[in-house]
1. Checking the a/c ratio against 1.5 first, then a/b against b/c, what shape does the Cα gyration tensor give for chain B?
2. Counting only other residues whose beta carbon sits under 11 Å from that of residue B:319, what net charge do I get with K and R as +1, D and E as -1?
3. Calculate, for residue A:98 and residue B:668, the FRET efficiency according to 1/(1 + (r/R0)^6) with r their C-beta to C-beta distance and R0 22 Å; round to the nearest 0.05.
4. Give, ordered by residue number, each residue of region B:470-486 whose 1.4 Å probe accessible area is reduced by a minimum of 10 Å² on adding the remaining protein chains to the chain alone.
5. With a ≥ b ≥ c taken as the square roots of the eigenvalues of the C-alpha gyration tensor of region B:533-605, please select rounded if a/c is under 1.5 and otherwise prolate if a/b is larger than b/c or oblate if it is not?
6. Note the angle between two axes, namely the Cα long axis of helix B:496-525 and the longest principal axis of the Cα atoms of chain B, as a number of degrees from 0 to 90, rounded to the nearest 10.
7. With respect to the cross-link table entries A:23/A:107; A:23/B:592; B:493/B:592, which display a Cα-Cα separation exceeding 19 Å?
8. Multiply the residue gap between residue B:606 and residue B:330 by 0.36 nm, knock off their C-alpha separation, and tell me the result in nm, one decimal place.
Amino acid sequence: MASRNNILVVEDDKLLSDLLLRKLGGSSYYVMHARTGEEALEILKDNKPDVILLDILLPGVDGFEVLRQVKSSPILKQIPVIVLSNLGQESDLEKGKELGAKKFLIKATLTLDDVVRTIESELSAQSEEMPAETDSKALRDSA
Amino acid sequence: MSFLNLTPADIQAISFGFLFFVLAIAFFFLVTTAYRDPIARRYATLALFGGLINLFAFLYSTTDDLWLALLYRTVSQAFSIPFIAALILFSIVVYEKFKPANKVMRDIAYALVAIDALFLLPFLSDITGTNYLIGKLTESPAIQLTPEAGPYLIYFIGFFVVAVLFSFFVMFLLWRTGKSKEARIMGLLMILALEIPVMTRLAGYGPWYGYGANDYVSLFVTFLTGPIFAFGVTYAILRHQLFNIRLIATQVFIFALWGLLFFRVLLAPTLTDALPDIALLVATIVLGIFLIRSVLHEVTQREELERVSANLRDLNETLEEKVAERTGELADEKIHVETIIENLPVGIIELSAGEVIERINSTAEILLGITREEVTGKKVAEWGKEKAYQSLAAALSAKPKEERESAAEPLPASGSAELTITYPHEREIQVQRLPFKLGTRKGELVLIRDVTREKAIERSKNEFITIAAHQLRTPVSGLRWVFNILRSGELGKLNKDQKEVVESGDARAAEMVQLVNDFLNVARISDERFDYQFSKGDIHPLVESVRNGFAGVAEQKGVKFSATVDADVPEFMFDPEKISILLNNLVDNAIKYTQKGGMVSLSVSKEKGGIGISVTDSGIGIPKEEQKRLFEKFFRSRKATQMFTDGSGLGLFITKSVVDNHNGTIVVHSEEGVGTTFSVTLPLNPNGKPE
């Protein structure tokens, strides 16, 4: 059964999130949206998205903290996290990588299509790398 | 022989004999003791002639032969001539030793000597019996004290007086007008020891004219002359520091012996009686001379020894002074260097090979909250967990990155480690270890720098860049995405005009992003090497990412783009982030300024000086006159401006800065309408240290 992949978009900027939601929603994904780090963590308590699109500079709990919590949770740590930020310093990239982000994208240098392409490649890599995981998920979904 | 029964002739004979004896002793005394001294030599000459005068006068008294007696007396008087000459010249020599004689004085002296020499003629004539100066002798010398005075003798006596007065005057001048104390003493000395005895001796001419022959005046004067003369000589020798008690004692002893034997010989009734004494006298003279010479030799040697030892002492003192001086200088130098070390803003701890703290400067004390009294001489391992030493222990146990080993002197510095200490205050410090080797002494200098402020600045700068990046890029990103969505037609298909407007809007938004990126890079690199992070690495991934990053753009533009790395390119030291900026800038420019159908290639190869990176395009080219200014901040080529009105003029400035901070070089070859090549050469190690 071809299930719609769940994506969590964590983005505080209204214009950007609107555009992202519009784009992704139209591309056969089920999209959840969080405006703050707290909101994201709240959502993650009950949901296990297939990909997380994560901004770094957020009001309150920042993206790095969200990333750290995700990666330290046994349930959530397998979820690929794509950092989508406008920070681009070496130190930020390193920090993101250290914390376990799959990709570190800089918004200003990307088009929305690039974002969609990255998500798709992440998802397909995920299903190749972790067939067992996908199987169990499929099992659970069918159940 | 009772003294009171002496006849005047006896008295005269004794006085002549005594004077001869005194002068002979003085002569030997001076010759054996002070022959090196020119004044003493002239004094000896005077003593010699004076002695001869008295010897022949004495001989006169000892003979009954009238002719021989007259000859003796004539010869005795004739010796007055060299005596006078010696006296005059001696005065001048002594005077000139201290001050130059004026011309008049010299002329008078030479005139007197010439007149003196003229008197030799009548004396020589008198020997043949002319009686010009020395008159007849009619009675035996035992009765007639002197021959009769010749008619011209009075002139000779007058001349003698003039000569003595001249000599006296010269010495008087020296005494009264001498510049130095020594000169004045010498003048007085000569008057006492020479002029006065000679003057008193002039009284000896009394008997020639019938005065003083029959009383003891002559005897008294004679006996006065001798001691004065002897006193003068002794005093002169003392003044000249020629005195040596052993030598003098020897001489006095020998001369006394000679005198005694001499008088015994003279007073012997017959020659046969005198023979033993003569033999003894000869033996005494010979032995005496040997004795005096040997003592003199010894004295000379000792004097030499004393002189040498005095020299040595002087030398030693000088040496000691020099050593003291040098030691003082060294001590000053040490204080100087220590003061510098003490006041350096870098904390310094010197460790011996056994990890014992040898010294520590005040910056380190303050930074680590310790005092040198507490820690010097102690082993690093002894600190334990005491709070007061925790910062010291942390600093000393910090393991700098990429430590290297080498036997070279000085040993190369290892990398630095950064850590945060909390005692006595919270500070961020940078620790660097410098191993050193001085002769057999090995150790390590631990340099501790307080980088709290630097770190704070770095943090605030990063914060600024973060905020700027976010605040500037986010809205532009939004704009670009809006244009993206509109272009994609997802929100409804656009007509041709709409699409054109949207596309140019997107292009402007893209330029805006580039501009913001450039500004951020300039802000980041403006601190020079402050935040350059060099590490040894492979350039492949960077080139790969450039290839991937620009493939789309190039294709869109219709430009053929290739990026290659030669297989033999080794790993080298560079800052990946900065080199990435460099590659992006060069390739971005190349593609931007190359028209459709052109080509752009990036190639990395191994070169003699390190790593060569070259970016070649077949673009519009850069006018020759503008090539020099290419790397200036905000500079934009005229042609480039025609092609794209926007652009920050920062890209190549940033590129150049990155190259400079890698100690590399960048050159540009460009021809208008043909293309441009930027060639960058980077050393394998930007710090220039051999691997």
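The values are calculated or read from the model by the stated rules, or taken from the named source; none is laboratory data. What you see is a predicted model; the values in this text were computed from it and never measured. Backbone-built Cβ (ideal geometry, glycine too); neighbour counts: all protein chains shown. Just the protein is used for accessible areas: all its heavy atoms, side chains included, with ligands, DNA and RNA removed. Shrake-Rupley method; radii C 1.70, N 1.55, O 1.52, S 1.80 Å.
1. Working: a/c = 5.85, a/b = 3.76, b/c = 1.56.
In terms of gyration-tensor shape, prolate.
2. Around residue B:319, the surrounding residues sum to -2.
3. Values: r = 39 Å, r/R0 = 1.77.
So, using R0 = 22 Å, E works out to roughly 0.05.
4. B:470, B:473, B:474, B:477, B:478, B:480, B:481, B:482, B:484, B:485
5. Prolate is the answer for region B:533-605, as a/c is 1.5 or above and a/b outweighs b/c.
6. It works out to around 20 degrees.
7. A:23/B:592; B:493/B:592
8. On the way: separation 276, 0.36 × 276 = 99.36 nm, distance 5.23 nm.
Net length gain for the segment: 94.1 nm.
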